[in-house]
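Following: one structure in structure tokens, then a few remarks.
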Amino acid sequence: MTINRLLSIIPLIMPIISIPQKVKMNEELVAIPRKEYEEFLRIRKYIPVVRLTPAQKRDLVQARREYQKGKYVTLAQLERELGSKDKRKS
């Protein structure tokens, strides 16, 4: 198979996309099907944007570090510690 023949069938085998030059090299790029993107745009108006204060951001970073180190309790552990009863079983 010649290179020209191979190049002529590549579009049939694999989709080709063009990335605009205005996308910066260090930016992340996410490609999703148009229908999924449109659905995201439709529902995002119902999801509030929460802006964290600097103190909340620090707390979140700390919480994530603790979680990664395994420093957390499960809901079952918390319920046992608090003496809660599972009302679903009664």
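A few points about this structure:
- Restricting the stretch 28-43 to residues that are more than 17 Å from ILE17 (Cα to Cα) and of a type in the set (Asp, Glu), the residue that is surrounded by the fewest Cβ atoms within 10 Å (Cβ to Cβ): GLU36
- Within the stretch 11-18, not a single residue is modelled with pLDDT under 90, assigned to a helix (DSSP H, G or I) and surrounded by 10 or more Cβ atoms within 10 Å (Cβ to Cβ).
The values are calculated or read from the model by the stated rules, or taken from the named source; none is laboratory data. What you are looking at is a predicted structure, and each value in this text was computed from that prediction instead of being measured. Ideal geometry is used to build each Cβ from the backbone, glycine not excepted, and the neighbour counts take in all protein chains shown.
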